[in-house]
Structure formats: structure tokens, C-alpha cells
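What follows is a single structure, written as C-alpha cells, with notes after it.
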Amino acid sequence: MLRRNRMRAPLLQLVLVVSAGAEPDPGQLLEKFAASLPLVHRSDGFDPKAGHPEWEPLRFKRSPAGNRDLLGTFQTGEQATLRLRGLPAHEFLLVRLDLAILCHWDGVWKDYGPDTWSASLHGGPKLLETTFSNFERARQNFPDETGPSTHPWRSGSASHGDLGWTLDMGARGGVWNDLDTTYQLWLAVRHDKPEALVEFSGSFHDNPDPPELRGECWAVSGCESWVVPAGMRPSEETIRQSAISEFDMAAPPHPAAVAVMVLAGTDGFPAIKKILTTCNLSALILPAPGVLEGQAPTALDQTIRDLASDDFKKREEASLQLKKLLPTNLDAVRKTRDSTNDPEVRERLELALREHHQAQLKPAEEEQPDKAAIAVRRLRHILRLTKAPQAEQWLEHLRLLAK
């Protein structure tokens with residue numbers, strides 16, 4: 001199994017401190033968690049004689065070096081699919097894909113890019129859309145999604161050069177060597193059906209240089225898939241490490257971090273509370289575990305009743321209390337605002353909501369606009385995958401932040 005290079009950086013002045021080399025990275029911790037899960041599929045190499053009925057199309061190639069049997073290659077616009085049937089009862093699907101990026105991918109380079117690769121659940125969310133670069137001068141989005149956040153070529157890769165890919169440019173530029181980079185991708189999504197179809201594809205500036213390789217292309221060198229039974233979650237240590245990696249703005253996020261955050265569910269939010277608060281995004285924290293959707297805590301019920309009190313002082317005190325309760329009860333407050341027949345209660349709720357959102361927006365824009373924008377984008381990606389009951393509430397926060 002491929003091992004990725006370790007990526008370490010200090011967290012943004014949080015109490016949690018990670019010692020480089022002293023603790024396992026999220027990828028290693030996720031591998032340990034996966035070992036406890038039901039394995040539903042394994043493609044450890046792609047020997048054409050073995051047959052791989054779960055994959056389509058069945059197209060194979062032996063690497064020029066390393067004797068690796070690959071599924072592929074695939075050019076721009078072509079799609080490979082992984083079909084998993086007869087899955088046991090589960091709550092999440094977890095896939096580890098060893099992706100080989102071959103030839104002169106140019107990442108986000110404006111002259112020859114963007115060179116994009118994506119993974120999606122058929123009929124469901126997009127699991128990953130990003131760019132890769134095999135050219136030193138061209139930056140790439142990975143380990144982030146496509147967007148404004150870019151990183152040096154081969155960031156987050158597991159290995160490069162071991163497949164022996166070269167490109168003979170002839171009189172134009174001689175032979176280019178070291179044109180293969182392998183990434184170990186972890187993809188997680190909420191899923192409970194007996195069958196899953198995962199789709200992989202690329203869209204890039206395809207230069208048909210040699211007839212055999214046809215310029216940029218990609219292939220799969222290995223894949224494993226697990227199902228996560230209901231109630232199973234990564235350990236607190238795994239969630240904590242992944243939260244640190246995912247929201248540390250000083251370095252690219254760990255490639256396994258988003259998968260862990262998806263699998264963490266509400267269990268992961270206490271671990272990222274300090275990180276979100278530091279990024280001035282505390283309004284994006286989900287309601288505390290145990291609060292059912294559509295039900296408000298007793299303290300909020302009493303506060304809303306006090307907003308309608310005949311005692312002006314009690315109404316004022318209730319408005320102050322509402323500010324404290326609002327960050328974890330936004331959905332309940334909105335529903336009450338929209339349904340109440342009391343004009344003063346509606347007005348006080350509306351004012352509290354407006355002031356709350358303004359307070360969250362202002363520091364994010366004035367103090368750390370770039371960091372906040374990256375954190376919001378990553379949170380949006382996690383939201384698409386989790387499909388948590390509170391997802392709409394989070395998305396509303398994101399829309400307000402975007403404004």
C-alpha cells in the first residue's frame with residue numbers, strides 16, 4: 001500500500017499543538033480505522049488475466065518501469081466507473097484510490113490549463129474536483145478543490161517517477177523524464193444503498209504528442225473500498241489530527257482530512273470548534289449533538305417566551321440571552337421568527353439574527369479574508385458529502401458569508 005509523504009505545519013496559534021514526527025498523520029490514522037471496517041472491494045493492481053468486473057471500461061496498461069499493471073490510460077473526457085454491488089448495511093462509503101497522473105499535466109497554468117480531475121457518486125454529490133501538475137512551473141489545486149487556493153506541483157503526492165513515464169518531444173525539446181505522479185486519494189460519502197457507482201474523469205488541455213501516450217492522461221494503480229456501519233466513527237485522535245490538517249492555513253490540507261471530517265459526523269465538531277472560532281467562523285458550528293432537528297432546547301423555549309413578556313426588563317434580558325443561544329440554534333430561531341404571530345417577538349428575533357450574521361461577517365472580512373474564504377470553501381465541500389440534517393443551516397451561513 002502506498003504511503004504518502006508527511007505534511008506538517010503548526011496550527012494557527014491554537015491550544016492544540018502538533019509535534020512534527022511525534023504523532024501519526026491523518027492518512028495513517030484513517031488506514032488504521034479502515035482496517036476495522038468491512039472491506040467490500042480491492043483492486044491491488046490490474047492484471048488483465050485476473051478480470052475486474054467491477055470496473056468499466058476494462059482497459060489495461062503495463063507501466064514502463066516498476067512492472068505495475070494499471071487500469072487505463074484515460075484521456076480528456078473519458079470516464080472510468082467503479083460499481084460496488086451487494087453492499088451490507090452501512091451509513092458511509094469509504095474509497096481509497098491510487099491515482100496516477102501521467103505526462104505533462106499543467107495544473108492551473110493559464111497558458112495550458114486548467115488540467116482537472118474529478119470523482120463523483122452517480123446520482124449523488126461530487127466527491128472531489130481538483131487540478132494536478134507534473135510541471136515544476138505550474139501550480140495545482142490539490143490537495144484543495146478547484147478554486148483560488150493553489151499549491152506547488154505534486155503537493156500531497158504519495159510518490160513520483162516510479163512508473164517510468166517519459167515523453168519524447170523530438171526536436172522541440174528532447175525527452176522529458178519523471179512524468180508520473182501517484183496520489184493516494186481518500187473519498188468518503190454518506191451512503192446506505194446496496195449498490196454504489198463511483199465515476200472518475202478528467203478534463204485537460206490534451207496535447208497528442210506521441211501516438212502511444214497521447215499527451216496528458218491518467219490511470220488507476222490500485223483501489224480499496226469499505227463500508228462504514230451505522231454508528232461507527234473514527235477515533236477522537238483521528239478527528240483531531242484531521243481537523244488540524246484541514247483547517248491549518250499555513251500548509252496544504254492533508255489529502256485524507258476531508259474524508260475523516262465526513263465520517264466524523266457531529267462527533268467531529270467539538271474537535272474543530274476552536275479552529276472555526278480562530279477563523280472567525282464560529283457561526284458555522286453545527287448544533288450540539290443530541291438536539292433533534294426541529295426541536296429547540298428548553299433554554300431557548302423559555303427565552304422566546306420571555307421575549308413576549310409584559311415586563312420590558314424581562315424582554316430586554318431575553319434579547320441578551322438570545323444572543324448567547326443563537327449560534328447553536330439558528331434554525332430553530334428562524335422557524336420561530338417565520339411562524340410567530342407576535343410582532344415584537346418577530347422583530348426581536350429578526351434583529352438578533354441580523355446582528356449575529358453581521359458580527360460573523362465583519363471579522364472574517366477585515367481580519368483574515370483569505371483564510372476565511374478557504375475555510376468556507378472546504379466546509380462547503382464537507383457539507384456536500386455529509387448530507388447531515390443540519391446541512392441546509394450550514395449552507396445558509398455560507399450564502400450569507402459569501403454576500
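The values are calculated or read from the model by the stated rules, or taken from the named source; none is laboratory data. No experiment lies behind these values; they were computed from the predicted model shown. Using ideal geometry, Cβ is built from the backbone for each residue, glycine included, and neighbour counts are taken over all protein chains shown. Side chains included, ligands, DNA and RNA excluded: accessible areas come from the protein's heavy atoms. Shrake-Rupley method; radii C 1.70, N 1.55, O 1.52, S 1.80 Å.
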Provide a single number: the residues in segment 192-204 that are crowded, with 22+ Cβ neighbours inside 10 Å and assigned to a loop (DSSP other than H, G, I, E, B).
-> 1
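Considering segment 152-181 alone, what residues qualify as being part of a strand (DSSP E or B), open to solvent by less than 50 Å² (accessible area, probe 1.4 Å) and in contact with a Gly (Cβ under 9 Å, 6 or more places away or on another chain)? Show your work before the answer.
As a first pass, look at segment 152-181 and keep what is part of a strand (DSSP E or B): 159-160, 167-168, 175-176, 180-181.
With the extra rule that they be open to solvent by less than 50 Å² (accessible area, probe 1.4 Å), the set shrinks to 159, 167, 180-181.
Once the filter is applied, which keeps residues that are part of a strand (DSSP E or B), open to solvent by less than 50 Å² (accessible area, probe 1.4 Å) and in contact with a Gly (Cβ under 9 Å, 6 or more places away or on another chain), segment 152-181 yields LEU167, ASP180, THR181.
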Answer yes if at least one residue in segment 239-258 is modelled with pLDDT of 90 or more and under 17 Å from the mean Cα position of the chain (by Cα), and no otherwise.
-> no
Quick check: is even one residue across segment 151-164 basic (Lys, Arg), touching a Ser or Thr at 6+ places or on another chain (Cβ under 9 Å) and modelled with pLDDT of 90 or more?
-> yes
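Counting only residues that are farther than 21 Å from GLU396 by Cβ and at pLDDT 80 or above, which one in segment 309-344 is least open to solvent (accessible area, probe 1.4 Å)?
First, the residues of segment 309-344 that are farther than 21 Å from GLU396 by Cβ: 309-321, 341-344.
Next, only the ones that are at pLDDT 80 or above stay: 314-321.
On the way: LYS314: 88, ARG315: 35, GLU316: 77, GLU317: 101, ALA318: 5, SER319: 27, LEU320: 106, GLN321: 69 Å².
So the residue we want is ALA318.
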Give segment 56-92 a look and list any residue that's touching a Ser or Thr at 6+ places or on another chain (Cβ under 7 Å) and hydrophobic (A, V, I, L, M, F, W, C), or say none.
-> LEU70, LEU84
Scan segment 224-241 for residues that are in a helix (DSSP H, G or I) and open to solvent by 10 Å² or more (accessible area, probe 1.4 Å) and report the count.
-> 3
